[in-house]
Structure formats: structure tokens, C-alpha cells
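Structure record follows, encoded as C-alpha cells.
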Amino acid sequence: MNRRRFIQALAGGAALLLTPRALLCEALDGRVEKLELDEAHWRKRLTHAQFDVLRQGGTEEPFSSPLTHEMRKGLYSCAGCSLPLFPSQFKYNSRTGWPSFSQVLPGHIQTQANNQLMVARLEYHCARCGGHQGQILDDGPEPLGLHYSNNGIALRFLPASEIIPRTRGFTLIELSIVLVIIGLIVGGVLVGQNLIAAAAVRATISQIEKYNTAVRTFQGKYGALPGDLNSATATQFGFTARGLYAGEGDGNGVIEGISANAASSNWGASLGGGEVAMFWVDLTSANGLNVNLVDGSFSAALPIGLAGPVTPTSAPDLDAFFPSAKLGGGNYIYVYSKNGINYYGLSALTMVSGGTNTSSATIPVNAAYSIDQKIDDGLPESGNVTAQFVDNYTQYYDNSTEGPMVNPFGGTTGSCYDNRNAMNGTPQYSLEWNGGAGLNCALSFRFQ
């Protein structure tokens, strides 16, 4: 049997051929070899239009690329260096005039915030050559809701029929594809689940990055953080009127909540009212900016706090107050502060009222580690990403204490992290328990 027929027989059909290639890229995540050329070499390598987009960050005219309507099976790669970016099964018709994708091959793009023209955008670039590709939006299809809006001229499309190699002998890549196909046949559903989990991690990271960009844009326009506008500023720009007490809008740069509409009732982690609740109201109001900084409408909150408990099934429900995390699993993203530091919290909220809230840690350990490792130091008690969350207006570490881990702890099937049973040992995520699949973690992200 020759090489072409051998690979086709293993694939069991043309549709399967791209999936192994995507899985291969997943396995190579984080090991993309960089390509660096000077401007003269790039100008020789690219057309004038490609150079404008890939090297200077330009944007092509909508509906100008034939790839916008390309529907064949195949692989979309960077036009500058041929790094695979999008298998065709991730492509969909966004009706925007640019090629659009719902997922990207893991580790093959890098993101960068762009605040030009006072519009919060999250751009992405090829991880190998740094070529500008497009921007990430959050109006994509379920389950992740991501929309990679790409310049067609920045892509090269390779039909599935041409992915089958034509040269003599098996190359390392060809053999890798064969092995991945075999693994797909054996592993089946588990492989698909891993891909979905990896995509959910990327979507959550993009979500936090977008919120950070939106906050910086808002602060640049109004001189204060969302939710923290004082009464005069809120009135001047037409935002919801603020309350009378600390934590209801005082412009001190710290996002605080309140447990009651009274003096000395402000708590940094009381989620039911005050600046914590108004944070999302202000962001979605976007008065005067003429741009929706974040999707959703969170107009139900009030500065003075909630009169009664809000749950996932109440009217209004939690979705009227907080954005759902792209990670899924009943997790929400909220804001809070402790010791003057502002955080995004990511945990499973089940009830919020004026004086308290109920929250739990349900993020898989391996997902929490992956998020932490990709954007911070990969350690649960240090850096800008920590394994902490808010429950009953108190910030807890995921070891169910209000302080860091000191005593020896070797971890359990229910732990988010441990210190390898060493006194004052460095806490690390408990990846060795249950293969890191335990739903034991929650996360907090310092404002950036």
C-alpha cells in the first residue's frame, strides 16, 4: 500500500484528516519556533497588501477576500510563515465580510490589547512570525461564544486534498499525523473533550483580557473605575445615581461593596450592592463612548444593594448582575477588593443578597493551572492569578482558609493545591490527584 492510500485508509474519510492535524498542533502547544526577519526581507516575501496587514496592522476592506466565502474542507495558515491557525471545521459565516472562526489551534496565536480610538479591542497575531491577523470578538457561536475575525489576505488556504503529502517517504509530520489518527480512533471521545476543555481555557483568558481592556478604556474616559464613580461624575455623564455612603461610589480607586445602606457597612467583597454591583452596570451603559465595552446588560443592580436573594433561578436571576464565565460549569465573573487591591473573581455563584453571598470552587484543577500558567506564574498563591474566591463576603484561599498554606499538606482528591507535604513548602496545583480533573478550584485575577 502506498503512502497516500495508507493515510487515507487510516483517516476513514476526508473529514477526519483535519482533526488529527488540529490535535497535533494541540500537542505542540507552546513549542512554536519563532521566525524573525527584518523589514526588507518581509517586503520581498509579501505583497504590498499583505505587508500592510501582516506587518503594519492594517485591515482589509470587508468582502474583499475570496476566503470570506470559502467553504471547502482544509487548513488556514498564516500567509507570512505558513503556521497553521484554523482548521476549516472552525470556520463559520459571521456575515461581517471577513473570514471568521470560532476556535484557533492552541498556542498558535498571541493576543494584544488595542485601545486606539478609545475602542477596546483584543487583537491577535501569528505566534511564529508576529504577523497581525485580526481581532477577537465575543459574538461567536456557542458553546464558547468567540469570534476570531481574520483578514483574509493574512491567510493562506490549503484544501484537504492537498494536505495528503505527495513527496516520497514519510516525513516526521506525516508519521505524527498517522499516530494521532490512531490515537483518535483509540481515544475517541476523550480527545474531543480535551480539545473542548483547552478551548474553554483560551476563551476564559480572552474574557478576562477583554474586561481589563474595557476597564482601562472606561477609566481613561471618565477618570474613575466602573462602579467607583462618585455622585457628581455619575450625574454629569448620565450614569445611575450613586448612594450616600462609602462603597456606593466614592472615587477612591478601590471597588467596594456594601452589606447595608448605612454608614460603615462597606465591604470589599460584598457582592450584592455598592460599587461591586454597579461595576457591570457602568461598563454596559458605556455612556458617551458609543461603543459596547462588554456584552450583556446588567442594569438590575443598585448602589444601595439588593433587597432579597438572587439565585440562578430567581427573577431577576444571577445573569442580570454578573457575566457568565466562558469556562462554563455555573461559574460567574465578579469583582471585589481586599486590602485595597481590586480583583476579578471566578467561581460558581449560587446566591447573592445585600449582606452575603454563597460561592464554591468548581473549576477543574488542570484548567485552573492552565489558566494560571498561561498568563501568570502557574502557582496558586503568588502572582496576579491566585486560587482564591469570595464566599459570604470573605476572600478565601481554595484551601478553605483566609490565609496562605503553611502546614504540611500532601493534597487529596478534593484539593485544589497542596505544598507537597512540606512545612512552608511552595504551594502547587494538585495535578497528581485524579489526573487534575477534580472540580476543586476557583480563581482571582488582579486588575491589570
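The values are calculated or read from the model by the stated rules, or taken from the named source; none is laboratory data. All values derive from a computational prediction rather than experimental measurement. Heads up, the Cβs are rebuilt from the backbone with ideal geometry, glycines too, and the neighbour counts pull from every protein chain shown.
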Checklist entry - Restricting attention to the range 429-440, does a residue exist that is without any contact (Cβ under 8 Å) to a residue 24 or more places away in the chain, loosely packed, with under 15 Cβ neighbours inside 10 Å and in the same structural domain as Ala367 (by TED's automatic domain parsing)? => result yes
Next on the checklist: Could you check the range 195-212 and list, in sequence order, the residues that are at pLDDT 85 or above and of a type in the set (Val, Ile, Thr)?
Outcome noted: Val201, Thr204, Ile205, Ile208
Checklist entry - In the range 353-366, is there at least one residue being under 27 Å from Arg202 (Cβ atoms) and without any contact (Cβ under 8 Å) to a residue 40 or more places away in the chain? => result no
Next on the checklist: Of the residues Ala246, Ala232, Ala263, only one is at pLDDT 85 or above, surrounded by fewer than 24 Cβ atoms within 10 Å (Cβ to Cβ) and of a type outside the set (Asp, Glu); which?
Outcome noted: Ala232
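Let's see how each residue does on (1) in contact with a strand residue (DSSP E or B) (Cβ under 6 Å, 6 or more places away or on another chain); (2) over 24 Å from Asn392 (Cβ atoms); (3) in the same structural domain as Leu302 (by TED's automatic domain parsing); (4) of a type outside the set (S, T, N, Q):
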position: Gln236; (1), (2), (3), (4): no, yes, yes, no
position: Tyr245; (1), (2), (3), (4): no, no, yes, yes
position: Glu248; (1), (2), (3), (4): yes, no, yes, yes
position: Ile255; (1), (2), (3), (4): yes, no, yes, yes
position: Ile258; (1), (2), (3), (4): yes, no, yes, yes
Next on the checklist: Please verify whether Phe389 is on the phi < 0 side of the Ramachandran plot and surrounded by fewer than 22 Cβ atoms within 10 Å (Cβ to Cβ), treating the condition exactly as stated.
Outcome noted: no
Item to check | Listing of strands (runs of 3 or more DSSP E) fully contained in the range 43-151 that carry 1 or more residues being at pLDDT below 95, under 21 Å from Ala198 (Cβ atoms) and in contact with a Pro (Cβ under 6 Å, 6 or more places away or on another chain) | outcome: 74-78
Item to check | Candidates Glu142, Glu123, filtered to the one that is out of contact with any strand residue (DSSP E or B) (no Cβ under 7 Å at 6 or more places or on another chain), surrounded by fewer than 21 Cβ atoms within 10 Å (Cβ to Cβ) and either on the phi > 0 side of the Ramachandran plot or not hydrophobic (A, V, I, L, M, F, W, C) (or both) | outcome: Glu142
Checklist entry - Do the conditions hold for Val215, that is, is it buried (at least 18 other Cβ atoms within 10 Å of the Cβ), touching a strand residue (DSSP E or B) at 6+ places or on another chain (Cβ under 7 Å) and modelled with pLDDT of 90 or more? => result no
Checklist entry - Any residue in the range 294-306 that is at pLDDT 85 or above and over 24 Å from Ile363 (Cα atoms)? => result no
